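Worksheet: the structure to be examined is printed underneath.
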There are 2 protein chains.
Amino acid sequence: MTPEHEIDEWLRGAGPEEDTVVCTRVRLARNLDGFSFSATQSEDEAVTLLATVRRTLSSLAEELSWTWVDIGDVSELDRQVLIERHLISRELSEGHRSRGVLYDDSDGRASVMVNEEDHLRLQVFRSGLRMEEAWEVADELDDRIASLLPYAFSNKFGYLTSCPTNTGTGLRISVLVHLPALVTSKEISKATNAIQEMNMVVRGLYGEGSHAIGDLFQISNQRTLGESEEEILRSLHSAVLRLLDWERKQRREFLQNRLFVEDRAYRALGTLERARTLSSEETISLLSALRLGRILGVMHEPSLESLNQIFLLTQPAHLQQSVGRELPPSDRDLLRAEMVRRILS
Amino acid sequence: MTPEHEIDEWLRGAGPEEDTVVCTRVRLARNLDGFSFSATQSEDEAVTLLATVRRTLSSLAEELSWTWVDIGDVSELDRQVLIERHLISRELSEGHRSRGVLYDDSDGRASVMVNEEDHLRLQVFRSGLRMEEAWEVADELDDRIASLLPYAFSNKFGYLTSCPTNTGTGLRISVLVHLPALVTSKEISKATNAIQEMNMVVRGLYGEGSHAIGDLFQISNQRTLGESEEEILRSLHSAVLRLLDWERKQRREFLQNRLFVEDRAYRALGTLERARTLSSEETISLLSALRLGRILGVMHEPSLESLNQIFLLTQPAHLQQSVGRELPPSDRDLLRAEMVRRILS
C-alpha cells in the first residue's frame, strides 16, 4: 500500500507557519519562440515541440534525476495519480494534443508541464510558507531552461503567454492554507472578501468558496503584469499573513471552548477508526477536524504524518493504484475505510 | 461506578424474543376498601394509608427481602434513580401527598407503589417476552396482598380504580420492544397504526411516536374492562408477535445491504469510544445502532451486556449517583462520555 515515492513535498506538512499553511507553489508560464501558441497549434507542431523540449532538457533531467512522462502513453489512472500529486493539472491530463511532463518523482518538489495552456509550465513546491525559497528555486530552474530554449518574450509586455492574464511575469504563486476555525465560525466569507480586495484570488482546493472541502483554500496573486516578481511576492505574502492572523485569532477563541474542539476532533477520529465506508469528501472533512485538534494540542495522536499519509493515499487514483486496477466509487469507499483503519491502527 | 444492585431485570437483555423484546411488565392497579380514592384523599388519610400498607405488608416484605422507601424521605436524585430503574413512576415521585414504594432492590423484578394514582400499583418485570410468567407472578403477589388488605372491588365492574380507564382487571401489560429496522425504513408509522387498530397502545419509551429515541417502544393493552386477564394477554401477545415479525422482515431486508448496517453500527461504536461529550439522547440512539449491529451479527463486540450497562448507568440520575452529587447537564454529558469510554475500553 505504500507508494513507491516518499510523501510529496506539498503534503509533507513541515515548514514555516505549518499550523496554517500546507504548502507554497510557484508556477511560471513560458512559451517558446518560433512555435505557435496553443490556440493555433497543430498536432504536428505539438509533436515537434514535445520532441524538442524533451531532447533539449534531457541532460538537465538526467542531472536532476527527473522523470519524463509522455501523457499520451500513460493510463488514465496514472494521469489521475499525477494530478493528485499536484504534478500535473487536469488540463494537461485531458488535453488532446501531444503533451508531457518532466518531474521530480522522488519528492514531487517540482515539475515542468509541456504543452499545457502554455508550452511550458514550471512548478515548484515547498511545504509551509516558503514563497521566497520556492521563487528562487523556480527562478533558477527558469534561467537554466531559458539558456537551452528560447522563450517568447516582449520588451514591452514581458513573457508572452497563451492567455493574457498570465502575460508579464507569467508568475502565479499559490499558498495552500488550512482555515478550519474561519470556516466553522463562519468568518470565512468576510476573510476571503478582504483578501480579494487586496487583489488576490481565493478558491477552495476542492469545492468552491465557503464550501471548500476540508477547509483548504488556495490564495494566489491575480496580477502578473505591471508588477515585478518581488512586488507580487511581497503583496501576496502580506495578504497571506493577514489571513493567517485571522485564522489564529479564531482558533484562540475556539480554545475558550476547548471541549468543543476536543469533542469534534475525537469524534472525527472515532469515525475514521471505525467506519466501514468513507467517501473522499467525508475523509477530507474528518481529517480537517483532526488536524485542528492536533495543532491546537487537544489531542496527541495520531501524528500529523499519518494524517498526511491518509490524505494522500486515500485519494481516488492513489487508492486504485494501490490495488493495481480501476474500481467503482462504492468499492473505493470500502477500500478507503480499510486503508484509513490500517494507517490509524 | 458499579451500582450497588445487579443490572435490573428489565434491562437484563435475556429472554424469549430477546432480539426484539427488551422486557415485559405487568402492572395491576388496586385500591383499598375503606380509604378515599386519590381524587378526594386528604393528607391525613394518605399518612394512615401509607402506615397501614407498610405495617400490613411488613412480614411479606421481610420474607421477600424487599426494601421500603418513603418517597417523602428521599432526595430528588434517589427518586430519579428509582424512576430510571422503572421501579417507580414519575407521578409517584412528583406526588404531593405521602407515598411510598416497596421493591426488590436486588434485581428490580417487582415493586408495589403506594398512593400513586391508585392506592397500590403492583409491577412485575421479566426480561424478554414473558407475559404469561410475569402475569402469574403478579397474580400470585396480588393474591397474597389481597389476603392482607381488603381491595375495593365491585361484582359488576371488577377492581375499582381512580381513573375509569383502569377499572375492571386493573391490568396493564407492556412489552418494551426495540424496532430499529422499522424506524430506519420508515415503516414504523404503518406498523404502529396497525397495532393501534388492534386496540393496543404504542408509545416511545422516550420521546413520542415515530421520534422515539433509541427506537424503543412500549406496546400495551388499552382495554382493562370487559375482557378477562387471559383474553388481554392473548390479544396483546398476538399484536406483539405481529410487530416482531414486521421488524424482523425489515431486518432481513437490511441485511441485503449488510454494509449499511455494519457501517452504521461501527460508526456508532467509534463515536461512543471517542466522543468527549454525549447527551443522553445521542447515547441511546448510538446504542440502538450498535445493538442492531450486534444482533444481526455484523459485529462481534461489544457485548450486549456492556451495551445494557451503558444504557442503565449513563442515565442522568445514575450518573449523578455515581459521583454522589447533582450535576448540571453539561457536566453530565462529560461524565457520560467518560463512563462510556471506560465501559467500552
Quick check: Cα centre of region A:311-345 to Cα centre of region B:280-294, how many Å? 28
Dipole of region A:9-252, positive direction: furthest Cα of A:THR169, A:LEU120, A:VAL69, with charges on the beta-carbon: A:THR169
Taking only the alpha-carbon positions of the protein assembly as shown and ignoring solvent, what does the Debye formula give for the base-10 log of I(q)/I(0) at q = 0.06, 0.11 Å⁻¹? -0.52, -1.07
Of B:LEU49, B:LEU292, B:LEU64, which is the most mobile in a GNM of chain B whose springs link Cα atoms less than 10 angstrom apart? B:LEU64
Which distances, shortest first and in nm, link B:GLU140 to the matching position in the other copies, using label points set 7 Å out along Cα to C-beta? 9.2
Shielding score for A:275-283, defined as the mean number of other chain Cβ atoms within 10 Å: 3
Charges only on Cβ, +1 for Lys and Arg, -1 for Asp and Glu: so what's the dipole of region A:258-344 about the Cα centre, in debye to the nearest 20? 120
Just tell me, in residue order, which DSSP H segments of chain A are both 18 angstrom or longer along the helix axis (alpha-carbon based) and at least -0.5 in mean Kyte-Doolittle hydropathy. A:43-56, A:280-295, A:329-344
Separation of alpha-carbon centers, region A:25-44 and region B:123-158, rounded to whole Å: 93
Under a cut-off of 19 Å between alpha-carbon atoms, report the lysines in cross-link reach of B:LYS249, not counting same-chain residues fewer than 8 places apart. B:LYS186, B:LYS190
For the B-to-A rotation axis, chain B residue with nearest beta carbon and its distance in angstrom: B:GLY270, 2
Exposure rule at most 14 other beta-carbon atoms within 10 Å, DSSP loop trypsin sites (Lys or Arg not before Pro): chain B longest free segment: B:1-155
Carbon and sulfur together cover what percent of the accessible area of the protein assembly as shown at a 1.4 Å probe radius? 48
Mind checking how much accessible area B and A bury in total, 1.4 Å probe, in Å² rounded to 100? 1500
Please report the accessible area of B:THR165 (heavy atoms, 1.4 Å probe, ligands and nucleic acids excluded) in Å², nearest 10. 80
Ascending list, in nanometres, of distances separating the A:THR67 label from those of the other copies (7 Å, Cα toward Cβ): 7.0
Relative to the compact globular guide of 2.2 N^0.38 Å, what is the alpha carbon radius of gyration of region A:258-344, as a ratio? 1.08
Using the heavy atoms of the protein chains alone and a 1.4 angstrom probe, what is the accessible area of the protein assembly as shown per residue in square angstrom? 43
Please give me the summed charge of the neighbours of A:GLU282: other residues whose Cβ is under 11 Å from its Cβ, Lys and Arg +1, Asp and Glu -1. 0
Could you work out, residue by residue across A:255-263, how many beta carbons of other chains sit within 10 Å of that residue's beta carbon, and then give the average as an integer? 2
How much accessible area does A:SER228 have with a 1.4 Å probe, in Å² rounded to the nearest 10? 40
For chain A, set up a Gaussian network in which alpha carbons nearer than 10 Å are linked by springs, and say which option among A:VAL74, A:VAL298, A:VAL101 fluctuates the most. A:VAL74
Over all directions, how big on average is the projection of the convex hull of the alpha-carbon atoms in region B:9-252, in square nanometres? 12.8
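The values are calculated or read from the model by the stated rules, or taken from the named source; none is laboratory data. Note that the structure is predicted; figures quoted are calculated from it, not measured. Methodologically, a virtual Cβ is constructed for each residue, glycine included, from the backbone with ideal geometry; neighbour enumeration extends over all protein chains shown. The accessibility values were calculated without ligands, DNA or RNA, using every heavy atom of the protein model including side chains. Shrake-Rupley method; radii C 1.70, N 1.55, O 1.52, S 1.80 Å.
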